[in-house]
Amino acid sequence: MESSAYKRLRTPRGLQDHLGRHRLSVPLFSWCNSPFVMAAIPRQSWNLRVMPDDQQLIDRAVSASGLTRTDFVLQSARAAAQQLLVEQAWCTVEQERFSAFQRALDAPAKPNQRLRRTMAAPRPWEDWIL
């Protein structure tokens, strides 16, 4: 029979608490149901100044999430950083392929059975006109 402490370590939150007491970090999103977890890395220290209303908002979200304030802020900052970098990623393509893509977009649609059926269907907004 497993002890409650062992069961708790098998959950992402329990492992995070255990490692946090030892000033080590394992991101929650990297958790997998495997006994092998990524190597723990010592944390760097940040010093933040926060307005009282921002503190209250963050603390409410922390309470709802079940995370520590540190884990919540790090998880949120990580997600925001990843999203920003994805949005700013550039997609490059050869000029010949891009020109072919533009021609395909500019060309009129080739009628097929499905397009004809869609164009012949009653339009829902026409019933709303008085």
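Read-outs throughout are calculated quantities, based only on the coordinates presented, and are distinct from any laboratory measurement. For clarity, every value in this text was computed on a predicted model and none was experimentally measured. Here the Cβ is made from the backbone with ideal geometry for all residues, glycine too, and neighbour counts use every protein chain on show.
Key figures
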read-out	value
Label-point separation, residue 93 to residue 61 (7 Å along Cα→Cβ), nm	3.6
Calculated FRET efficiency for the pair residue 105/residue 82, C-beta based, R₀ 30 Å, to 0.05	0.50
Mean Cβ neighbour count within 10 Å, used as a protection proxy, ranking 73-79, 115-121 highest first	73-79, 115-121
Local net charge near residue 62, Cβ-Cβ under 11 Å (Lys/Arg +1, Asp/Glu -1)	0
Neighbour net charge for residue 48 - beta-carbon separation under 12 angstrom, K R +1, D E -1	+1
